[in-house]
Structure formats: structure tokens, C-alpha cells
Amino acid sequence: MAAIGDDTETANSPGDLYVAVQDSTGKTATATNATVVTAAAWTRWKIPLSSFTGVNMSKVKKLSIGVGNRANPTKGGASKFCIDDIGLAKAAPAAK
């Protein structure tokens, strides 16, 4: 990764990217990705809804996105990343 302009930060500190989903009853499930934060290029992360076991996906009330340990956050990392195109889609039907 190359620096642009006066930005001297050329690499992200390692850490898990997480997406946590909470439903209207307060149940929360979290999916993590250990490599996307330090990827050298834009990377798509497709998360199967099955990753959020125990959460009623038709009653989602809160979505959290972050880097690090969600249960035990710590200070000290240095990173810049962009999150775009958050979406939800049905899986394509299986080929016959």
C-alpha cells in the first residue's frame, strides 16, 4: 500500500474486523474476519446469515462494525479503512 498526499500511515495494525447483529430481544451474534483489515487491496467480505445463529434476522435492531476484540476492546491500533456497500441478499438458487 502506498501513501497518498501527506498521509504517512502505509499499513493497518492487525486486528479482526467484526460485524455484530442484535435483534429486538437483545440476542447478539458476531462474525469476524482476521485478514481483511491488513489486506493490500479492496476486499469483499460475504458473511453467510448462518453466521448469526440465535439472532432473529427479521427483527434486527442494531448492527455494529469494528476492529479488534469486541468483548474486550483495547487502545493502541492505527488503521484507516473504508466500509461500503453493506447489503443483504438471498442466496442464488442451487444449480440443478
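The values are calculated or read from the model by the stated rules, or taken from the named source; none is laboratory data. Because the structure is a prediction, the values reported are computed rather than measured. Because the Cβ atoms are built from the backbone with ideal geometry, glycine has one as well, and the counts that use them run over all protein chains shown.
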Extreme residue, modelled with the highest pLDDT, among residues of the stretch 17-48 that are part of a helix (DSSP H, G or I) and among the aliphatic types (A, V, I, L, M): VAL36
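Restricting to the stretch 49-85, name every residue that is assigned to a strand (DSSP E or B) and closer than 12 Å to GLY15 by Cα.
Matches in the stretch 49-85: GLY66, VAL67.
For the stretch 28-35, indicate whether the set of residues that are over 14 Å from the mean Cα position of the chain (by Cα) and under 21 Å from SER79 (Cα atoms) is non-empty.
Looking through the stretch 28-35, none of the residues is over 14 Å from the mean Cα position of the chain (by Cα) and under 21 Å from SER79 (Cα atoms).
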Count of residues meeting criterion [farther than 14 Å from ALA31 by Cβ, of a type in the set (Lys, Arg) and without any contact (Cβ under 8 Å) to a residue 24 or more places away in the chain] in the stretch 45-86: 1
Search result, residues across the stretch 57-73 that are of a type in the set (S, T, N, Q) and either under 15 Å from the mean Cα position of the chain (by Cα) or modelled with pLDDT of 95 or more (or both): SER64, ASN69
First in the stretch 24-44 and closer than 14 Å to GLY68 by Cβ, second anywhere and acidic (Asp, Glu) and at pLDDT below 90, Cβ under 9 Å, 6 or more apart: THR32/ASP16; ASN33/ASP16; ALA34/ASP16; VAL36/ASP16; VAL37/ASP16
